[in-house]
Amino acid sequence: MCGIFGYIGSEKATPILCRGLKNLEYRGYDSVGIATVSSQLGIRKEVGRIDDLVSRLNIEDVEGSLGIGHTRWATHGPVTAENSHPHTDCFDKVAIIHNGIIENYLELKTKLVERGHRFSSDTDSEVIAHLIEDNLSFSGTISGSESSWNGSSFEDACVAAFKELRGSFAVLAVREGEDKIVAVRKDSPLVVGLAENGTFFASDVAPFLEWTKEVVYLENHDIVMAEGSEVRFFDGGFAEVKRPVSTVEWDIEEAKKGNFDHFMLKEITEQAETIQRACVQDMAVVERIASMIRSGFGVFFVACGSSFHACLTGSYLFSKVAKLHVNVVLASEFENYEHFLTDRTLIFAVSQSGETADVLEAVRAAKRRGSRVVSITNVMGSSLSREADELLLMNSGPEICVLSTKTYTSQVVMMGLLACALDGNYESCVQKVKDLYMDVYNLTAKSMRDRLKDLARDLAEKDHIYMIGRGLQYTTALEAALKVKEVSYIHTEAFAGGELKHGPLALIEKGTPVFVFVSRDNEDRIVSNAQEVKARGGYLIGVSDWDNPVFDRWIKVPDCGDLNPIIQAIPMQVLAYELAVKKNLDPDKPRNLAKSVTVL
Ligand code: M6R
């Protein structure tokens, strides 16, 4: 959720921290802050985004060639400058940034307050700075004048503090007068980048790609000490360990906006390519997964948000194409199903980021019960990629916009590939995806965008939008509704066409916009549902390959059979984008949301 970034090296830290935080903003953007180390700690923090911090606080003037920075998505405490990170000890000698949740912070805080520590924020994170201070064998009374440190080393104090924390945490700590960064990760993402000009720390690799592609993916409980140009790794038992260095395959340009106004539009436009890249899979792995699915006694698809919708789409495809039943469960609800897990169960965990806490918790519960885990993720080195027994990568490249667009369609492609692999038709599915290239290209071209811009103009002031579909078009409607609501803030809801008469029809008034997703194989039934809406004054917008007379507006898409969920989702992504632009909203960073949801 929050993003953390650190740099120690030969260059001035603040410009690097600012660029890194800007690159990382998709993980949280309600407040931001940095701490650098020179003769003193230089701390700047602010409500708002990194650009606000730079312009209002002369940030580039802060000296030091090592520093840490944080972009926040509030969990404990409102969005204020005090609650922004970095947090410091009583005397601003130690600064920390944290991503995650400290579950026992109240207990620790009470103990620290009794010992005289003064807290200045409502956050759970601040206890970490005070614990480090406390462990430095502080001499004298805290409530008096400035302290003199005389105890254990900074590293020891950090390690002792980390040991007291319960919950999930990725932490970077610095101290005045020390040329080092001490870091820890437990159940929260943290990676280390190794470059000629220094060492980088970040919540994921995209923010430091412009400096290095050499990365160390930390294990859970790892502690890292970076001092000068040296980096040392320790496991949870504090034994020094070697961690392999991997080379990131993503291209730096992929993490930049290029000529586009927003990442969202760039990522929507990339889909003609990214759905092809989703087909580049190791056949041996696909075969192994297919056989795990066949032999699984209970298969559970587990995911959140758009990834959940891709799983729902997958369940229809598995049923239709492979004649196989799979259970689809929201990761945050999975605890209600855990008692079904055995060593014969297969968990299919799908997550773009591979760091979604609800998904990881479900995976860990499954592993405790001996179930096998297959994962689909976009991020190599993510927790999910490392905790699964088998892994398929989406190969979509970095997705920076908070909304899932290209990764959603890649997930649907992979669901289709697996369903076809189970049916012995993998290659023909790959060919069908190849054949979509021009269709997808045309759906993201300027002419289509202009048409959807017109529609967005007419819908921008609406309070409610509804969407209906049946089968694969129902799951498409669910995803389309999520896209529109999260970026335009218009209440948008999807229903299965057949469910309308069981309640939702009561919502329809004269002029209520209702999107109707149509496929050749369910046309008659969904059109009769649309008639029910029309009879109550609803304004129908068809998404189909031909213009049914019942529609008031029509978005033309080709009929691509079982791959329609891909083709029909794309114009809805474009519409969602145009709605946000029309309403002067930031499509890349919708309010209250973050790209990677690393808290439960
Ligand atoms: O990284 P994940 O795929 O696990 O993320 C799941 C959801 O948080 C994500 O799909 C979210 O719903 C997006 N905002 C959808 O656009």
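The values are calculated or read from the model by the stated rules, or taken from the named source; none is laboratory data. These numbers come from a predicted model, not from an experiment. FYI the Cβ positions are ideal-geometry reconstructions off the backbone, even for glycines, and counts take in every protein chain you see.
In this structure, is GLU361 within 14 Å of the ligand (Cβ to nearest atom), not in a helix (DSSP H, G or I) and not hydrophobic (A, V, I, L, M, F, W, C)? No, not satisfied.
Selection within region 440-490: residues that are within 16 Å of the ligand (Cβ to nearest atom) and of a type in the set (Asp, Glu). The member of this set that is nearest to ILE555 (Cα to Cα) is GLU479. For the list (1) out of contact with any strand residue (DSSP E or B) (no Cβ under 9 Å at 6 or more places or on another chain); (2) modelled with pLDDT of 95 or more, I need the number of the one condition that VAL550 fails. So VAL550 meets the others, but not (1). Among the residues of region 280-304, which ones are within 16 Å of the ligand (Cβ to nearest atom), more than 16 Å from GLY416 (Cα to Cα) and of a type in the set (Phe, Trp, Tyr)? The one that is within 16 Å of the ligand (Cβ to nearest atom), more than 16 Å from GLY416 (Cα to Cα) and of a type in the set (Phe, Trp, Tyr): PHE300. Number of residues in region 307-329 that are of a type in the set (Gly, Ala, Ser) and either away from the ligand (no atom under 14 Å from the Cβ) or outside the structural domain of VAL363 (by TED's automatic domain parsing) (or both) equals 3. Screening GLU355 on (1) surrounded by fewer than 24 Cβ atoms within 10 Å (Cβ to Cβ); (2) near the ligand (Cβ under 9 Å from one of its atoms); (3) charged (D, E, K, R); (4) assigned to a loop (DSSP other than H, G, I, E, B) shows it passes everything except condition (1).
Does region 168-193 hold any residues that are over 27 Å from SER246 (Cα atoms) and either part of a helix (DSSP H, G or I) or in contact with a helix residue (DSSP H, G or I) (Cβ under 8 Å, 6 or more places away or on another chain) (or both), and which are they? Give the derivation first.
Taking region 168-193 as the starting set, the residues that turn out to be over 27 Å from SER246 (Cα atoms) are 175-178.
Answer for region 168-193, where residues must be over 27 Å from SER246 (Cα atoms) and either part of a helix (DSSP H, G or I) or in contact with a helix residue (DSSP H, G or I) (Cβ under 8 Å, 6 or more places away or on another chain) (or both): ARG175, GLU178.
Looking only at region 258-279, decide whether some residue is within 15 Å of the ligand (Cβ to nearest atom), part of a loop (DSSP other than H, G, I, E, B), of a type outside the set (A, V, I, L, M, F, W, C) and assigned by TED's automatic domain parsing to the domain that holds VAL413. Checking region 258-279: at least one residue is within 15 Å of the ligand (Cβ to nearest atom), part of a loop (DSSP other than H, G, I, E, B), of a type outside the set (A, V, I, L, M, F, W, C) and assigned by TED's automatic domain parsing to the domain that holds VAL413. Within region 441-472, the set of residues being under 25 Å from the mean Cα position of the chain (by Cα) and part of a helix (DSSP H, G or I) comprises LEU472 only. Scanning region 377-387 for residues that are buried (at least 23 other Cβ atoms within 10 Å of the Cβ) and of a type in the set (A, V, I, L, M) turns up VAL379, LEU384.
Are there any pairs with C-beta distances below 7 angstrom linking a residue in region 56-78 that is over 22 Å from VAL127 (Cβ atoms) to a residue that is outside any loop (DSSP other than H, G, I, E, B) and of a type in the set (Asp, Glu), with the two at least 6 apart or on different chains, and if so which? Within 7 Å, the pairs are ARG56/GLU46; LEU57/GLU46.
Go over the candidates GLY416, GLY381, GLY370 one by one and state the one that is in the same structural domain as ILE289 (by TED's automatic domain parsing) and modelled with pLDDT under 95.
Exactly one of GLY416, GLY381, GLY370 is in the same structural domain as ILE289 (by TED's automatic domain parsing) and modelled with pLDDT under 95, namely GLY381.
Considering only residues in region 400-421 that are within 12 Å of the ligand (Cβ to nearest atom) and not in a helix (DSSP H, G or I), the one that is farthest from the chain's Cα centre (by Cα) turns out to be THR405.
Would you call ARG451 in contact with a helix residue (DSSP H, G or I) (Cβ under 9 Å, 6 or more places away or on another chain), basic (Lys, Arg), within 21 Å of ASN564 (Cα to Cα) and surrounded by fewer than 19 Cβ atoms within 10 Å (Cβ to Cβ)? Yes; evaluated as a whole, the condition is true for this residue. Considering region 3-119, the qualifying strands (runs of 3 or more DSSP E), each wholly inside and each with 3 or more residues that are buried (at least 24 other Cβ atoms within 10 Å of the Cβ), run over 3-9, 31-37, 66-72, 94-102. Pairs only if they're at least six apart or on different chains, beta carbon under 6 angstrom, first in region 586-598 and farther than 14 Å from LEU24 by Cα, second outside any loop (DSSP other than H, G, I, E, B) and away from the ligand (no atom under 11 Å from the Cβ); list them, first residue then second. From region 586-598, the pairs are PRO587/TYR577; PRO587/ALA580. Tallying residues that are away from the ligand (no atom under 13 Å from the Cβ) and farther than 17 Å from GLU273 by Cα within region 370-399 yields 14.
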